[in-house]
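Peer 1: Have a look at this one before I ask anything.
The values are calculated or read from the model by the stated rules, or taken from the named source; none is laboratory data. Not measured: the values here are computed from a predicted model. Every residue, glycine as well, gets a Cβ built from its backbone with ideal geometry; the counts of neighbours run over all protein chains shown. Each accessible area value is taken on the protein alone, full model and side chains, heavy atoms only, with ligands, DNA and RNA left out. Shrake-Rupley method; radii C 1.70, N 1.55, O 1.52, S 1.80 Å.
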Amino acid sequence: MAINKAINLNKSHRIKYENEAAARSALIEFLIYMCFLVITIFVATSSRNMSMYFYNRGIENLFLAREVQTSTHESSVKFANLATTFDMWAFLETKFINDLHSKHEEDPLKEENKNEKKDESPNKDKQKTRRRRRRAVENKLIFLEENLVLGPPRLRQIRVREGSCDVHDVFGRYFSTCFSDYSSSSEDTSSEFKGTNYKTLSELGAYGIWTEITTYRSGGFVKSLTYNYEENKAILAELKKQKWIDRATRLVLVEFTLFNANKNLGNNIKFIGELPSTGGVLTSYSIQSVKLGSVFWKDGFLICLAGIIFYIFIIYYAIIEVLEMRALGFANYVRLLWNFVDFLIIFLAFFTFVYNIWHPIYLNQLYKRFDENPKEYLELDPLCFWNLVYRDVMGICAFLVCIKIFKFISFNKTMRQFNATVSTCFRDLLGFGVMFGIVFLAYAQLGLLLFGNVHYDFRNFHESLITMIRMILGDFDYDSIEAANRVLGPIYFLTYILLVFFILLNMFLAIINDTYSAVKSDIKGGRNHLTQYLRNCFSKYCPKCCRRKPQEDEEIGAAPVRSPDVRPQVQRDNVLDFFEPVRDRPVADPATVNRLNSRVAALEDVIEQIVADVDRTMRKIKRPRRRPRPAGADSSS
């Protein structure tokens, strides 16, 4: 029965409170939906941890905010300002290794040796315990006192083949060979390079890397480091001596993963140096923290219970949508906007359910792999990627659930005006959008061609489009545009502001304003049975609180509750009709009175709609029409 009522509520773009029975059903459905909204927001919020931001911020402050002492000009620069391969080697050999091993702290092996010297007991059990503890210390690396490094860090580089481009004969004496930009066809996939082996992405268990220049969808040549500080220093010194980074290198990255037991968080960290074919180094980084617990696994009983309730709600609404689709037919079902929103919420929720089942299974495999071989690098790229997708999907799902509240408050006059305005001016806005898009794309392409080689905001077509939107909002750098092209820069800026900001944007606002004014004059308040139903409910528990004058009832559009044996005074054309109440008449049944009031209210709504239609028709009739000009008439006459 409840499902049938829910289906009846969903058969239109908005819920109509036509009588008290419909108002009661809609109110129950609204309360159920509010419970679903609260559970959805709670589950979506549990997908992240408040400490994740501070976790990432601490790593950024350690490696990126402080400066690196370079050997090229004997100056200190930050990681973002590294410019050459010598600067990259300086970062790896000094700052990265020192901060990773926390050289300002005491070495755990030295501390373990001190403990062994203090306790020289011949007890065999204690000796075994010390040896086991020493092996554990040798096979681990503690980062910032609270984080365990999951496997030794590793270096990777992606290279291109020698002779992957052509050199003109005139410059052949200066460049014996050349190396092109990275592409899958020009990549060097030889089995070995200076002691490092080539591995594909599937062998590494990693995903591609999206950088500022391009996307690298390959593994590359890999060199693993160790847990020991001195060994890592020697490995980096040997690679630098062999010139492991040369002209064929297009990407260098150092990566490691962390585990924080206090918050049950993981972190996948990559420091990237991109070497374009034009020379130099472009640095970037990726710090992705991930919550290792999920809704159904190691995240608390309350979150687990909320997750179970959330997916029960999803199953309930999925059954409603299936029954509604069968009742209305697919063609009629897809015509309603809210049905599409419901379908999208259910689809996204089922995707999150699949992730919450996959998450603990995959993590248990990672834990088992690390326990068997702690000296092997533990790749977290798949976990971080799908966790990011999961958080995005949960955010979109929570957003759509919040937006659907508009369906339940559609009885409001302002909401009806908003819906009518959008539906009325949709075609005009569509035509305007085509014209605006043509101008917008033209200016974006022109800006790319004029300033793309100099201005950072116009470096590619995508950034040029974003810059056009920012200029509409008033966020622009005129000095940089003028410096990029002193002749065409000011002309470009002024014509864009005049055409887009002053003309097209005001045309857009005028279309909406005119439509809203016309809709506002046509839509009237009407009768609202939801208020009357709530008033009747409250009057059962607090009659004094709900007592008010009949004039107040007329203002909110609800019929005042009158006693069945009292008849009001009705005034028509200054003539007062008064009917004496009959004292000896039996009191009518309240249910009958409510049905009569509902029928009278429905008649009043119909009459109001008829009067509004007649008014619109009369205005169209009274509107003056232009007489057609005769075919042979002179233009001057």
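Peer 1: I want to verify the translational diffusion coefficient of segment 236-305 in µm²/s; compute it with Stokes-Einstein, Rh as the Kirkwood radius over Cα pairs, at 37 °C and 0.692 mPa s. Let's see the in-between values first.
Peer 2: Working: Rh = 15.2 Å.
So the translational diffusion coefficient is about 215 µm²/s.
Peer 1: Using every alpha carbon pair in segment 156-272, what percent of pairs falls into each 5 Å bin from 0 up to the bin containing the largest distance?
Peer 2: Pairs per bin, as whole percents: 2, 9, 17, 20, 18, 14, 9, 5, 3, 1, 1, 0, 0.
Peer 1: How large is ³J(HN,Hα) for each residue in segment 266-280, as worked out from phi by the Karplus curve 6.51 cos²θ - 1.76 cosθ + 1.60 (θ = phi - 60°), to whole Hz, x for Gly and Pro?
Peer 2: Per-residue couplings from phi come out as x, 8, 10, 10, 9, 10, 10, x, 9, 10, x, 5, 7, x, x Hz.
Peer 1: If you don't mind, another one. Could you list which residues have their amide H under 5 Å from that of GLY220, counting only those 5 or more apart in sequence or on another chain, with H placed in the peptide plane?
Peer 2: The list, which skips near neighbours in sequence, is LYS199.
Peer 1: With a bin width of 10 angstrom, please list the P(r) values of segment 445-514 as percents of all Cα-Cα pairs, from the 0 bin to the one holding the largest distance.
Peer 2: Spelled out bin by bin, segment 445-514 gives 21, 51, 21, 7, 0 percent.
Peer 1: For TYR456 and VAL611, FRET efficiency with R0 = 60 Å and r from the beta-carbon atoms, rounded to 0.05? List each step's numbers first, then the result.
Peer 2: Working: r = 62 Å, r/R0 = 1.03.
In this case the efficiency is close to 0.45.
Peer 1: How large is the accessible surface of ILE469 in square angstrom, using a 1.4 angstrom probe and rounding to the nearest 10?
Peer 2: Using a 1.4 Å probe on the heavy atoms, I get roughly 80 Å².
Peer 1: THR414 to LEU494: FRET efficiency via 1/(1 + (r/R0)^6), r the Cβ-Cβ distance, R0 45 Å, to the nearest 0.05? Mind showing how you got there, number by number?
Peer 2: On the way: r = 39 Å, r/R0 = 0.88.
Efficiency for this residue pair is about 0.70.
Peer 1: Moving on. So, with a 1.4 angstrom probe, what is the percent of accessible area on segment 239-307 that is carbon and sulfur? Spell out each step's value before the answer.
Peer 2: Working: 1520 of 2610 Å².
Summing carbon and sulfur atoms, their accessible area is 58 percent of the total for segment 239-307.
Peer 1: For labels at ARG369 and ARG427 in the simple 7 Å Cα→Cβ model, what's the distance in nm?
Peer 2: Taking the two extended label points, one gets 5.9 nm.
Peer 1: Within the P(r) computed for segment 137-206, what percentage of the Cα pairs occupies the region above 17 Å? It would help to have the intermediate numbers written out before the result.
Peer 2: Numbers: 1536 of 2415 pairs.
For segment 137-206, the share of Cα pairs beyond 17 Å comes to 64 percent.
Peer 1: Another question about this same structure. At 1.4 Å probe size, with every protein chain present, just tell me what the per residue accessible area of segment 142-262 comes to in Å².
Peer 2: Working: 6300 Å² over 121 residues.
Here the residues of segment 142-262 average 52 Å² of exposed surface.
Peer 1: Anything over 28 Å Cα to Cα? Flag those among LYS199/LYS233; LYS140/LYS199; LYS140/LYS240; LYS291/LYS407, in the order listed.
Peer 2: Numbers: LYS199/LYS233 24 Å; LYS140/LYS199 25 Å; LYS140/LYS240 26 Å; LYS291/LYS407 35 Å.
Result: LYS291/LYS407 exceed 28 Å.
Peer 1: Take the alpha carbon atoms of segment 320-412, find their radius of gyration, then divide it by 2.2 N^0.38 Å using N residues; give the quotient.
Peer 2: Normalised Cα radius of gyration, segment 320-412: 1.61.
Peer 1: Name the chymotrypsin sites (Phe, Trp or Tyr not before Pro) in segment 147-202 that are in a loop by DSSP and that have at most 13 other C-beta atoms within 10 Å, would you?
Peer 2: Values: sites: PHE171, TYR174, PHE175, PHE179, TYR182, PHE193, TYR198; in loops: TYR174, PHE175, PHE179, TYR182.
Listed in order of number, the matching sites are TYR174, PHE175.
Peer 1: For segment 372-458, which whole percent of the accessible surface, found with a 1.4 angstrom probe, sits on carbon and sulfur atoms?
Peer 2: Its accessible area is 69 percent carbon and sulfur atoms.
Peer 1: Going by amide H atoms built from the backbone, whose H comes under 5 Å of the H on PHE143, apart from near neighbours?
Peer 2: LEU148, VAL149
Peer 1: Around TYR53, under 14 Å between beta carbons, what's the net of Lys plus Arg minus Asp minus Glu among the other residues? Don't skip to the end; give the middle numbers.
Peer 2: Values: positive: ARG48, ARG57, LYS263, LYS291, ARG391; negative: GLU60.
Every neighbour counted, the sum reads +4.
Peer 1: What FRET efficiency comes out for LEU148 versus ASN485 if R0 is 41 angstrom and r is the Cβ-Cβ distance? Round to the nearest 0.05. Can you show the working numbers first?
Peer 2: Values: r = 54 Å, r/R0 = 1.32.
The value I calculate is 0.15.
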